[in-house]
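The values are calculated or read from the model by the stated rules, or taken from the named source; none is laboratory data. These figures come from a predicted structure and were not determined experimentally. Here the Cβ positions follow ideal geometry from the backbone for every residue, glycine too, while neighbour counts run over all protein chains shown.
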Amino acid sequence: MNQAIISAATEGGTNPLVPNPWEMLVVFAGFAVLMYIVVKYVVPMFEKTYAERAEAIEGGIAKAEKAQAEASAALEEYKQQLTDARAEGNRIREEARAEGAQILAELKEKAASESARISAQAHAQIESERQAAVVSLRTEVGTLATTLASRIVGEALSDDARSARVVDRFLADLENQNAGVAK
Amino acid sequence: MLLVILSVVIIGTFFVIAARKQQLVPGKLQFAGEAAYSFVRNGIAKDIIGGRDFMKYVPLLFTLFFFILVNNIYGAIPLIQLPTFSHVGGAYVLALIVYVTWIGIGIKRNGLKYFKLATVPTGVPFYILPIVVPIEIISNFLVRPVTHSLRLFATMLAGHLIVMISGAGIEYLVMQENVLLKGASVLVLGGAIAMYMLEALIMVLQAYVFTLLTAIYIEGALHADSH
């Protein structure tokens with residue numbers, strides 16, 4: 001039993017601290033090969049994935065931030081456009097109001113001047129008609145009066161100059177009388 | 001010795017396959033590979049060495065960890081039952097690789113002044129230096145590779161021995177005429193299973209410790225001027 005333990009411990013009677021050169025060589029070669037595989041393939045592949053993943057995550061964040069910025073820019077633009085449109089609308093309304101007031105004023109002015117014109121025309125017409133009536137009345141009344149007077153007096157007042165004089169005198173008297181009544 | 005070659009094949013195949021079809025959203029195999037890789041990369045290299053230049057040493061630490069891990073776990077696999085590093089040769093080789101590596105890094109980083117930085121601690125009164133400097137030389141340049149290799153080798157050999165002894169003990173007890181002694185073999189079996197579990201833990205732990213110490217040595221060589 002003791003022999004078995006000792007032999008197990010010393011691996012067949014040799015000192016366990018003295019290495020077997022072949023063992024060392026194999027371990028060294030194996031380690032070197034493994035190291036080569038790790039350096040050449042394993043680490044680069046894993047690091048590539050790490051970098052890609054980090055980039056994907058950061059890229060996603062950057063993309064989201066960009067989208068957010070774009071969205072807020074668009075919102076700003078729309079708000080700006082809305083404000084502009086409102087201002088434009090107000091401006092147009094103001095303009096329309098001013099224009100309407102102007103048109104109204106023009107129309108009023110035009111109507112006033114038209115009515116003044118019409119009334120002036122009417123006055124002139126009435127005046128001229130009155131003049132014509134006065135003239136025609138004067139002749140006709142003169143004629144009728146002379147005719148009547150000649151009939152009553154029995155004297156022919158055929159002389160035009162004389163009759164005109166008589167009539168004028170009569171009318172002047174009449175007008176003087178009228179003026180006296182009006183006063 | 002065939003087992004060493006087998007371990008290279010196992011590790012190489014597994015990680016190359018796991019890393020080959022890389023996708024941003026990993027599958028099961030890729031996820032396992034990435035977890036193992038990032039354990040060494042982030043859990044050891046980045047945490048211990050840190051800074052910007054830890055990536056340079058990730059391949060070495062990664063290879064060390066999985067090479068030792070698989071070769072240790074051989075000791076927990078029935079029929080194989082032989083951790084490679086229960087022979088001292090392999091442990092010497094790995095410790096020597098690490099020894100050369102960290103001294104090389106120290107010289108490359110600090111020039112020959114590195115040896116002064118590594119052996120003469122700052123802030124120590126000059127009259128103590130004759131005592132401290134030899135201690136530093138011995139502990140850093142002579143004892144360090146020895147403990148580094150023997151720690152791995154001794155734990156593996158001890159675990160191997162314990163399992164072998166309990167196996168032999170069970171066999172011995174079962175051979176006895178006395179029924180009680182025969183029955184006592186069950187107790188030994190229970191103890192052997194417990195030791196087997198402990199050994200499995202130590203196998204993983206020693207792979208981790210060896211890699212961790214390597215990272216600490218490299219970090220010490222990189223930042224020798226601040227120690």
Positions within segment B:1-33 being within 9 Å of another protein chain (Cβ to nearest Cβ) and among the small types (Gly, Ala, Ser), in sequence order | B:Ser7, B:Gly12, B:Ala18, B:Ala19, B:Gly33
Could you please find all residues in segment A:17-31 being among the hydrophobic types (A, V, I, L, M, F, W, C), part of a loop (DSSP other than H, G, I, E, B) and within 7 Å of chain B (Cβ to nearest Cβ)?
-> A:Leu17
For B:Phe62, all conditions in the list (1) among the aromatic types (Phe, Trp, Tyr); (2) in contact (Cβ under 8 Å) with a residue 60 or more places away in the chain; (3) more than 22 Å from A:Leu25 (Cβ to Cβ) hold save one; what is the number of the exception?
-> (2)
Pairs returned, first residue in segment B:72-99 that is farther than 21 Å from B:Leu212 by Cβ, second residue that is polar (S, T, N, Q) and surrounded by fewer than 23 Cβ atoms within 10 Å (Cβ to Cβ), beta-carbon separation under 8 angstrom, 6 or more apart or interchain, are B:Tyr74/B:Gln81; B:His87/A:Asn20; B:Gly89/A:Asn20
How many of the residues in segment B:88-116 are surrounded by fewer than 21 Cβ atoms within 10 Å (Cβ to Cβ) and more than 14 Å from chain A (Cβ to nearest Cβ)?
-> 12
Does A:Glu47 satisfy being more than 7 Å from chain B (Cβ to nearest Cβ), of a type in the set (Asp, Glu) and part of a helix (DSSP H, G or I)?
-> yes
List pairs: first in segment B:27-38 and farther than 19 Å from B:Leu69 by Cβ, second modelled with pLDDT under 85, Cβ under 6 Å, 6+ apart or cross-chain?
-> B:Gln30/B:Ala18
